[in-house]
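Participant: Take this structure, written in structure tokens, and hold onto it; I'll ask about it next.
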Amino acid sequence: MRRREFITLFGGTAATWPLATRAQQPAGRVYRVGYLSIAFGERSYSIEAFEDGLRSLGYRVGENVTIEYRFANGELDRLPALAADLVRLRVDIIVTGFNPITEAAMKATTTIPIVMPIGLDPVRAGLVASLARPGGNVTGFTVDPGGEILAKRFEMLKETLPNLSRVGILFNPDVAATRSRLTSMMEIAPALGLTTIPVEARGLEALEEAFAILVQEGAQAFVMQGDSLLFNYRSQIVEMALKNRLPAASIQRELAEAGFLLTYGADIGDLFRRSAGYIDKIFKGAKPADLPVEQPTKFELVINLKTANALGITVPPTLLTRADEVIE
């Protein structure tokens, strides 16, 4: 188990990344990496982890590798043009994120290798032929959670809120993988004594209505599915959650840092860091079609005590002791 560290909300991340022995790169070669994101261009935990992964393998930004960042600023319809721009630049590889970003890159090129750090059920989504042999120009990681992971978020909310009986599920219906996970969550909840309230939100303009539905339907808390678009509006979601006094749970640690009560899931930063390993292999001649899609190996629980205090919630010591990080 990772050493538990207590950090302040504005103190930054406590994670450190060990540097591996630097690989020798071909003399004089400068690689060009395209980084396609739905985000707003902020210097994120994922970007830091990704660049650290490159450094650990001997790639130094500005020396033997350059990174062309393209951010869609929360607008999905901008992704195709940004992906096409990276193709015009003739980047050596494109790094993506959640499925809509990977899909935009795939439509822009069938030849430039694509590494997806966060693939949601990538076989069913048509991103790869199989996990063992992707078969095209895409490889990377799948973070599709099984029933056990989905259940844990419910269980942790229930452990924190013993009287919890009605829980909302906030999701983006435009992402196919979230619909299959929604079905799984709705099947899991009754065994835990929970009634689910699924609520759609495709973007910022839909969030006010989504929260109105949650309140109207008597939700006592909600779980937000992993989605790059909703992730970008995390500060607004936290503001609405606090306003309506609804504890929130999700997958990414950055959501807990933003003000969600808790997050549990694959360590996304670790996946972005490990994505550098795929890049290194491809630069050395491997083909994405032959590189198996891998599973996460690190999972983390992050709890925000500042949010708990604001909502008048006492997080049980049994849950705090299991946390990888506690934000105070």
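Participant: In this structure, does Ala132 turn out to be over 19 Å from the mean Cα position of the chain (by Cα), farther than 29 Å from Leu311 by Cβ, among the hydrophobic types (A, V, I, L, M, F, W, C) and in the same structural domain as Tyr31 (by TED's automatic domain parsing)? Explain how you work it out, then say what you get.
Facilitator: Numbers: over 19 Å from the mean Cα position of the chain (by Cα): yes; farther than 29 Å from Leu311 by Cβ: yes; among the hydrophobic types (A, V, I, L, M, F, W, C): yes; in the same structural domain as Tyr31 (by TED's automatic domain parsing): yes.
Yes.
Participant: Search the stretch 270-286 for residues being of a type outside the set (Gly, Ala, Ser) and crowded, with 22+ Cβ neighbours inside 10 Å, and hand back the single one that is nearest to Arg32 (Cα to Cα).
Facilitator: Taking the stretch 270-286 and keeping what is of a type outside the set (Gly, Ala, Ser), we get 270-274, 278-284.
So of that shortlist, the ones also crowded, with 22+ Cβ neighbours inside 10 Å come out as 271-273, 278-279.
Numbers: Leu271: 20, Phe272: 17, Arg273: 17, Tyr278: 15, Ile279: 11 Å.
Checking each candidate, the answer is Ile279.
Participant: Mind checking which residues of the stretch 1-59 are at pLDDT 50 or above, touching an Asp or Glu at 6+ places or on another chain (Cβ under 9 Å) and over 28 Å from Gly285 (Cβ atoms)?
Facilitator: Those that are at pLDDT 50 or above, touching an Asp or Glu at 6+ places or on another chain (Cβ under 9 Å) and over 28 Å from Gly285 (Cβ atoms): Ile38, Ser44, Tyr45.
Participant: Between a residue in the stretch 267-285 that is within 13 Å of Gly58 (Cβ to Cβ) and any residue that is of a type in the set (A, V, I, L, M, F, W, C) and part of a helix (DSSP H, G or I), which pairs come within a Cβ distance under 8 Å, given they are 6 or more apart or on different chains?
Facilitator: Between residues of the stretch 267-285 that are within 13 Å of Gly58 (Cβ to Cβ) and residues that are of a type in the set (A, V, I, L, M, F, W, C) and part of a helix (DSSP H, G or I), the close pairs are Ala276/Phe50; Ala276/Leu54; Ile279/Leu54.
Participant: Run Met106 past the list (1) part of a loop (DSSP other than H, G, I, E, B); (2) of a type in the set (A, V, I, L, M); (3) surrounded by 15 or more Cβ atoms within 10 Å (Cβ to Cβ) and report the number of the one that doesn't hold.
Facilitator: Single failed check for Met106: (1).
Participant: Starting from residues that are among the hydrophobic types (A, V, I, L, M, F, W, C) and part of a strand (DSSP E or B), keep the ones in the stretch 177-204 and report whichever is farthest from the chain's Cα centre (by Cα). Let's see the steps before the verdict.
Facilitator: Initial filter on the stretch 177-204 (among the hydrophobic types (A, V, I, L, M, F, W, C)): 177, 182, 185-186, 188-189, 191-192, 194, 197, 199, 201, 204.
Narrowing the set further to residues that are part of a strand (DSSP E or B) leaves 197, 199.
Values: Ile197: 23, Val199: 20 Å.
Ranking the candidates gives Ile197 first.
Participant: Just one of the numbered conditions (1) surrounded by 18 or more Cβ atoms within 10 Å (Cβ to Cβ); (2) free of Cβ contacts under 8 Å to residues at least 24 places away in the same chain is not true of Val175; which one?
Facilitator: Failing condition for Val175: (2).
Participant: Given the conditions (1) assigned to a loop (DSSP other than H, G, I, E, B); (2) without any contact (Cβ under 8 Å) to a residue 12 or more places away in the chain; (3) not acidic (Asp, Glu), and given that Asn309 satisfies all but one, which numbered condition is not satisfied?
Facilitator: Among (1) assigned to a loop (DSSP other than H, G, I, E, B); (2) without any contact (Cβ under 8 Å) to a residue 12 or more places away in the chain; (3) not acidic (Asp, Glu), the lone unmet condition for Asn309 is (1).
Participant: Out of (1) under 19 Å from Met186 (Cα atoms); (2) under 18 Å from the mean Cα position of the chain (by Cα); (3) among the aliphatic types (A, V, I, L, M); (4) part of a helix (DSSP H, G or I), what's the single condition that is false for Met156?
Facilitator: (2)
Participant: Enumerate the pairs (first residue in the stretch 122-135 and under 11 Å from Asn99 (Cα atoms); second residue anywhere and hydrophobic (A, V, I, L, M, F, W, C)) with beta-carbon separation below 6 Å, excluding pairs fewer than 6 apart on the same chain, so at least 6 apart or on different chains.
Facilitator: Short answer, once both residue conditions are applied: Pro122/Val128; Ala125/Ala176; Ala125/Ala177; Leu127/Val138.
Participant: Check off (1) of a type in the set (Gly, Ala, Ser); (2) crowded, with 17+ Cβ neighbours inside 10 Å; (3) in contact (Cβ under 8 Å) with a residue 40 or more places away in the chain; (4) assigned to a helix (DSSP H, G or I) for Ala289 and give me the number that stays unchecked.
Facilitator: Checking Ala289 against (1) of a type in the set (Gly, Ala, Ser); (2) crowded, with 17+ Cβ neighbours inside 10 Å; (3) in contact (Cβ under 8 Å) with a residue 40 or more places away in the chain; (4) assigned to a helix (DSSP H, G or I), the one that fails is (2).
The values are calculated or read from the model by the stated rules, or taken from the named source; none is laboratory data. Bear in mind that the values here come from a model prediction, so they are computed numbers and not experimental data. All Cβ positions, even for glycine, are placed from backbone atoms using ideal geometry, and neighbour counts span all protein chains on display.
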